[in-house]
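> Got a structure for you, questions after.
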Amino acid sequence: AQSVTQLDSQVPVFEEAPVELRCNYSSSVSVYLFWYVQYPNQGLQLLLKYLSGSTLVKGINGFEAEFNKSQTSFHLRKPSVHISDTAEYFCAVIPKGGANNLFFGTGTRLTVIP
Amino acid sequence: DAGVTQSPTHLIKTRGQQVTLRCSPISGHKSVSWYQQVLGQGPQFIFQYYEKEERGRGNFPDRFSARQFPNYSSELNVNALLLGDSALYLCASSLWTVEGEKLFFGSGTQLSVL
């Protein structure tokens, strides 16, 4: 069984400040890891994914995430946020060798304050 | 190329009614997945279809059913609607890859059950 925990439901941060959104997962098998962003009244857009190789993954819009196998974490970071980054962010996993469906966390609402 | 399109965008039904939601995948994509996103939660997997066959099913009651047509479009049906079925229903299409899928999400259908 898989589960994804996003520890912070809401994260307020001032414009141009750095931000980290936390994600931990639990799985009996190896997983692929994903971060999605959801803007108001829109569907989900892929920010980045970790499939294998380098544990530091760079995505769109200046975001990056680091896979830590020992801590089963995949935290999302951005060194300087913009107003346009205000959105809901979801961490998700796909178990390797499974049915290729995503298991999502409950989401973190990032609010960038001017 | 058009993205994943879903119709209708919004829908209001009453308890006990039946509803059909529609999804057209990106051209060339043969797999369609459905997710339910209740307000304040992450999306939950409902179904996956590939080449018109069901390839995965989430933990949803038999009131939920789906099918995929020869042109790879898909319909999600929900019978005997309950208040708890109120949610954003997301459709995603994908190419079947060995690395794990990159899903492209539509903007969703917002279903309200009164």
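> Strands (runs of 3 or more DSSP E) wholly in region B:1-80 with at least 2 residues that are under 12 Å from the mean Cα position of the chain (by Cα) and within 14 Å of chain A (Cβ to nearest Cβ) - which ones?
The qualifying strands (runs of 3 or more DSSP E) are B:5-7, B:19-24, B:31-37, B:44-50.
> Consider region A:59-78. How many of its residues are β-branched (Val, Ile, Thr) and more than 14 Å from chain B (Cβ to nearest Cβ)?
Residues that pass the stated criteria total 1.
> Still on this structure, I have one more. B:Val38 - would you say it is closer than 19 Å to A:Gln38 by Cα, surrounded by 13 or more Cβ atoms within 10 Å (Cβ to Cβ) and of a type in the set (A, V, I, L, M)?
So B:Val38 fits the description; yes.
> Would you pick out the residues in region A:50-76 that are in a strand (DSSP E or B) and among the aliphatic types (A, V, I, L, M)?
The answer is A:Leu56, A:Val57, A:Ala65, A:Leu76.
> Right, something else. Looking at (1) surrounded by fewer than 16 Cβ atoms within 10 Å (Cβ to Cβ); (2) in contact with a Pro (Cβ under 8 Å, 6 or more places away or on another chain), can you tell me which one A:Ala87 breaks?
(1)
> Also, quick follow-up: Here is a check on your reading of the model: is A:Val81 surrounded by 13 or more Cβ atoms within 10 Å (Cβ to Cβ), touching an Asp or Glu at 6+ places or on another chain (Cβ under 8 Å), at pLDDT 95 or above and within 14 Å of chain B (Cβ to nearest Cβ)?
no
> Being surrounded by fewer than 14 Cβ atoms within 10 Å (Cβ to Cβ) and in contact with a strand residue (DSSP E or B) (Cβ under 9 Å, 6 or more places away or on another chain) narrows it down to one residue among A:Lys58, A:Lys49, A:Lys69; which is it?
Step by step, each of A:Lys58, A:Lys49, A:Lys69 is checked, and only A:Lys58 is surrounded by fewer than 14 Cβ atoms within 10 Å (Cβ to Cβ) and in contact with a strand residue (DSSP E or B) (Cβ under 9 Å, 6 or more places away or on another chain).
> May I ask you to list the residues in region B:67-84 that are buried (at least 22 other Cβ atoms within 10 Å of the Cβ) and either of a type outside the set (Val, Ile, Thr) or modelled with pLDDT under 95 (or both)?
Across region B:67-84, the qualifying residues are B:Gln68, B:Ser74, B:Leu76.
> What are the residues in region A:101-114 that are within 26 Å of B:Leu90 (Cβ to Cβ) and either away from chain B (no Cβ under 14 Å) or in a loop (DSSP other than H, G, I, E, B) (or both), if any?
Result: A:Asn101, A:Leu102, A:Gly105, A:Thr106, A:Gly107, A:Leu110, A:Thr111, A:Val112.
> Test A:Gly98 against the criterion of being at pLDDT below 95, over 22 Å from B:Tyr89 (Cβ atoms) and of a type outside the set (Phe, Trp, Tyr), and give yes or no.
The answer is yes for A:Gly98.
The values are calculated or read from the model by the stated rules, or taken from the named source; none is laboratory data. Since the structure is predicted, the reported quantities are computational estimates derived from the model, not experimental observations. Neighbour counts are summed over all protein chains in view; Cβ atoms, including those assigned to glycine, are modelled from backbone coordinates with ideal geometry.
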